[in-house]
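Comments concern the structure below.
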Amino acid sequence: MPIDTLKIDRSFVSDIDASLHPDTSKRPAVRIEAIIDMAHRLGLQVLAEGVETEAQHAPLRQAGCDIFQGYLFSRPLPENAMREWMRQRAAR
């Protein structure tokens with residue numbers, strides 16, 4: 001089965017702003033940037049799951065992430081509601 005997309009797990013995304021907190025040694029944004037760069041060099045798109053805040057979305061977008069999934073955009077929807085949500089977004 002061909003692979004065309006790499007998914008970044010929400011566990012990485014949830015801590016992406018850890019470097020903003022001076023009392024922590026975590027640097028998940030650096031790891032995410034490396035993952036995105038490596039995936040793009042392999043010709044893959046990158047999807048980040050679990051994006052819930054703009055503080056998570058902004059650095060992912062800046063690092064070149066291609067696709068975003070999470071509550072920042074919408075809660076899970078039944079099929080008909082999802083189709084309507086997509087129609088509204090396409091009209092913007």
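Listed values, structure above:
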{"quantity": "Chymotrypsin sites (Phe, Trp or Tyr not before Pro), loop per DSSP, at most 12 other Cβ atoms within 10 Å - longest free stretch of the chain", "calculated": "1-70"}
{"quantity": "From the C-alpha gyration tensor of the chain, square roots of 5λ in Å", "calculated": "25, 18, 11"}
{"quantity": "Axial C-alpha extent at least 15 Å, average Kyte-Doolittle at least -1.0 - helices from the chain (DSSP)", "calculated": "28-41"}
{"quantity": "Amide H contacts of residue 46 (H built 1.01 Å from N, under 5 Å, at least 5 apart or other chain)", "calculated": "6, 66, 67"}
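FYI, it's all coordinate maths here, none of it is from the lab. None of these values were measured; they are calculated from a predicted model. We place every Cβ from the backbone using ideal geometry, glycine too, and count neighbours over all the protein chains shown.
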